[in-house]
Amino acid sequence: MRIRVLGNLVILAATVALSYGMQVSKPHYADLTAPIPVDGAMHDTVRARSFDVRLDKIVFARKLKTNQFGQEKLLTTGGLWAVVTTNLAATGSSTAIADGTWQGPTGLRYHQTERLGYRQDMPPHGVDPGLEKRGLFVFEVPSDQIRGARLLIASRRFGPLDAQARISLDAVQTGADGQPADIVPEFDLDAQQGGT
C-alpha cells in the first residue's frame with residue numbers, strides 16, 4: 001500500500017512539473033500574433049508584404065528647425081534627433097505606411113516624434129504601386145541607442161500577422177563612445193524638404 005501511495009505522489013509531482021513547464025515555455029499571445037519581420041540593411045530595398053522600403057539617409061542633429069503654422073520653431077531634445085529619409089512604394093495595391101519605430105540595441109523602442117504635428121512628408125505615407133515616394137520618419141533617441149539599432153517600418157502600428165520591415169542601421173558611422181560620427185548642431189527640416 002505504501003509503494004502505491006508513493007507511486008501516485010511521484011506521478012502527481014511529475015504531472016505538476018510538466019504542466020508548469022508547458023505553461024512557462026509557451027509563447028505569449030502577443031508573440032504569436034506579432035508582425036512578421038522582413039530583415040534588411042541600409043541602402044537595400046526591403047520587400048514587405050504590401051510595400052517596399054529603402055533607407056538611404058539618416059541625419060543626426062541636436063536641434064531641429066521647422067515651420068509650424070507659419071511660425072518658425074526650434075525644437076530641442078534630451079538625446080539626438082534622428083531624421084530618416086526613405087523611399088517607399090506599394091507592391092500590389094495602394095496602401096498607407098503609418099508606423100516607424102526606432103529599436104535600440106537594448107531592445108528599447110522609440111516611436112516617431114509627435115512634436116512636429118501634421119506634415120505632408122511625415123506618416124502616414126500613402127503609396128502606390130510602381131511609384132516611389134520619399135518619406136520622412138523623425139525620432140528623438142538617446143545617444144546610447146544608436147550603435148546596433150534597427151528601424152522598424154510597418155503599414156500600421158498594431159498590425160498582427162502583417163509584415164514589418166526591420167532595417168539594420170549598422171552602416172551608421174559611430175565613434176568609440178557610440179555617438180554618431182556626424183552630428184549637425186541644427187537641422188532645418190523644411191530646407192531639406194524643399195531641396196529634394
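The values are calculated or read from the model by the stated rules, or taken from the named source; none is laboratory data. These numbers come from a predicted model, not from an experiment. For neighbour counting, all protein chains shown are included, and Cβ atoms are generated from backbone atoms with ideal geometry for every residue, glycine included. We work out accessible area using only protein heavy atoms, side chains counted, and drop any ligands, DNA or RNA first. Shrake-Rupley method; radii C 1.70, N 1.55, O 1.52, S 1.80 Å.
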Tell me, yes or no, whether the stretch 136-153 has at least one residue that is open to solvent by less than 30 Å² (accessible area, probe 1.4 Å), outside any loop (DSSP other than H, G, I, E, B), among the small types (Gly, Ala, Ser) and touching a residue at least 40 places away in the same chain (Cβ under 8 Å). no
Expected output for the stretch 177-189 (first residue free of Cβ contacts under 8 Å to residues at least 60 places away in the same chain, partner open to solvent by 50 Å² or more (accessible area, probe 1.4 Å), Cβ below 7 Å, 6+ apart or cross-chain) is 178/144; 178/147; 181/173
What's the number of the condition residue 49 fails, among (1) free of Cβ contacts under 8 Å to residues at least 40 places away in the same chain; (2) in a loop (DSSP other than H, G, I, E, B)? (1)
Take the conditions more than 30 Å from residue 185 (Cα to Cα) and either part of a strand (DSSP E or B) or charged (D, E, K, R) (or both) and apply them to residue 54. Does it pass? no
I'm trying to understand the selection: among the residues of the stretch 154-165, which are open to solvent by 70 Å² or more (accessible area, probe 1.4 Å), under 11 Å from residue 98 (Cα atoms) and in contact (Cβ under 8 Å) with a residue 40 or more places away in the chain? 156, 157
Can you pull out every residue in the stretch 61-118 that is among the β-branched types (Val, Ile, Thr) and crowded, with 16+ Cβ neighbours inside 10 Å? 66, 77, 83, 84, 85, 86, 95, 97, 101, 113
Among the candidates 121, 162, single out the residue that is modelled with pLDDT under 90, within 27 Å of residue 74 (Cα to Cα), assigned by the TED database to the domain that holds residue 48 and in contact with a strand residue (DSSP E or B) (Cβ under 9 Å, 6 or more places away or on another chain). 121
